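Notes for the one structure printed next.
The values are calculated or read from the model by the stated rules, or taken from the named source; none is laboratory data. Keep in mind that what you see is a predicted model, and the values were worked out from it rather than measured. In this analysis, Cβ positions are derived from the backbone assuming ideal geometry, glycine residues included, and neighbour counts consider all displayed protein chains. SASA here: full protein model, heavy atoms, side chains in, ligands and nucleic acids out. Shrake-Rupley method; radii C 1.70, N 1.55, O 1.52, S 1.80 Å.
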Amino acid sequence: MTVMHRLLALPLTLLCALEARSANADENASSKELDSLYETVERLEQRIGELESARTSSASRSGAGDWSERIRLSGSAELDYLQGQGADYGLYEEGSTQVYDARVFLDADLGSDARIGETTVYRDAAFTFEWNLIRLGSVRNEVGDLYVDLRGLMGRDWLNLEAGRFQIPFGENYLRFGRGRASDPFVALSAAPPWFWDEGVKLWGKSSNGRFGYVASVTDGEGGINLESNSSKQVTLKLSWDPSEWLHLSASALRTGTLGSDDTPAMAALWLGEALPKSFGAGSSAPSFDHGAAIADGPFELSNITVLGGDAVVNLPGARLWLSGGNASIDSHGPSIYDRDLLYWLAELVFQLGTVSPALDPMYLAVRANGLGTYDKDEGYLLDFRYRDVGYNMRALDAYAVALGLPLGNHIVLKAQYTIQNMDLVRGIVDQDVRNAANDADFFGMEIGVHF
């Protein structure tokens, strides 16, 4: 018998006893009848207690009760059809159908209200694990998020901690990766603003009225999982402000220490556009040109990377506008000729077509323009890892996209997108192979995405 049955049985039995007592009182019933009813109630309570004890003991042995209540499994997957400009230098093969992204998430409740004496250590604790099976159309089989989340430290609502591997809290773009992919209105390609995972600790919280927030982190700063070539750390700070229900503003800063070593090329735990910042020349065999002349590759080490950026999200009836921009300074450990300042920018509008006609609900139209580059004709960088044959000769990579989406219920969405992509090179390139590889690569894509 369950707890619910017990709760129902006792009131019903007592009610019967009271009714009988009332009826018999009118008839001057004997006390023996009342004693008999009370004995019946006592026997029922004893039997219910025995059944509940047996049920609790069985659940404890099997562990089924804990697992069913504390574990949640979720996931997402995307099947894409991508049509690029040419099979030789385009982003995609002609008519390529692929599982573009697939991942599984596990969340576990680790308990609540932990105390040392009368002091609250945390109010709630949880564990999160993200398993990336496929990303960017390639089988990865790697860890995404993997952290312990402690909320309400020392009983404070504004003090929460994550420890492990998590998304770097910079700007607003990182919120669309991992389990946030379902909120991205576009197909395939990501936007230019920074994002990526790293290992470390993160503190975050909001003011009591919810208008002000902060996120700060300290991580190892090196690309890859558990790779750290030196003791330098990466620090980030994001401050947010919601002056009204329709406006969200945030400012972010990131600073790494030394990356790489004499033997290991630097690679940051930071994704800009479609590339991880690296030591100049790493990851490409193409010759590099600077101020019109070919130059050798730079030293393996980077002194530091500094990124400053700002975001504004405007939520209007039936529309959402996102503006983002910032600067990333990549400083080499060698001569300043290898230093690079990259600008990133983005403007995106998502419009719900149901505001035009109820017959179009819940379809949406999305348009986006974004770019990344030095925007300097004399200095270039590798802005997309898929263009290794272009190498560090790209001074700008801009994209202009339009997408149409149709959510089918709460867990399926159909999307179609066309993107125009423009690539600009530095001056003075005499290598014809580099020029041939610099295909602008416009593309068309369709996608069916599911999440649960």
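For the reader, a short list of remarks on this structure follows.
- The packing ranking, built from the mean of other Cβ atoms within 10 Å per residue, places the peptides 282-289, 224-231, 171-178 in the order 171-178, 282-289, 224-231, highest first.
- Mean accessible surface per residue for segment 212-358, computed with a 1.4 Å probe while every protein chain stays in place, in Å²: 43
- Only protein heavy atoms count here; on that basis, with a 1.4 Å probe, H248 has an accessible area of about 40 Å².
- Figure legend: label point modelled 7 angstrom from the Cα of L414 along Cα→Cβ; residues of segment 435-452 with amide N under 14 Å from it are 446-450.
- Segment 282-342: C-alpha gyration tensor shape, a/c 1.5 cut-off, then a/b vs b/c: prolate
- Additional length obtainable on full extension of the chain from I295 to N315, 0.36 nm per residue less Cα span: 2.4 nm
- FRET E, pair W158, S357, Förster distance 60 Å, beta-carbon r, rounded to 0.05: 0.85
- Pairs from K377/K415; K202/K278; K238/K278 whose Cα-Cα separation, in the structure shown, is over 26 Å: K377/K415
- Shape call, segment 188-253: gyration tensor on alpha carbons, a/c limit 1.5: oblate
- Backbone N atoms of segment 297-331 closer than 19 Å to the 7 Å Cα→Cβ label point of A251 belong to residues 306-314, 323-329.
- Ranked by how many other beta carbons lie within 10 Å on average, peptides 388-394, 74-80 from highest: 388-394, 74-80
- Listed residues T258, T119, T419 arranged by accessible area, highest first, probe 1.4 Å: T119, T258, T419
- Rolled with a 1.4 Å probe across the full set of protein chains, the surface gives H451 an accessible area near 60 Å².
- Virtual spin-label span in nm between V121 and N226, 7 Å along Cα→Cβ: 2.5
- Label point distance in nm, A369-L136, each placed 7 Å from Cα along Cα→Cβ: 2.6
- Of all accessible heavy-atom area on segment 342-396, the percent that carbon and sulfur account for (1.4 Å): 61
- A Förster radius of 30 Å, combined with the Cβ-Cβ distance separating I71 from V402, puts the computed FRET efficiency at roughly 0.15.
- Heavy-atom surface analysis with a 1.4 Å probe gives segment 141-228 a carbon and sulfur content of 60 percent of its accessible area.
- Taking amide H atoms as placed 1.01 Å from N in the peptide plane, the amide H of D339 lies under 5 Å from those of S332, each 5 or more residues away in sequence or on another chain.
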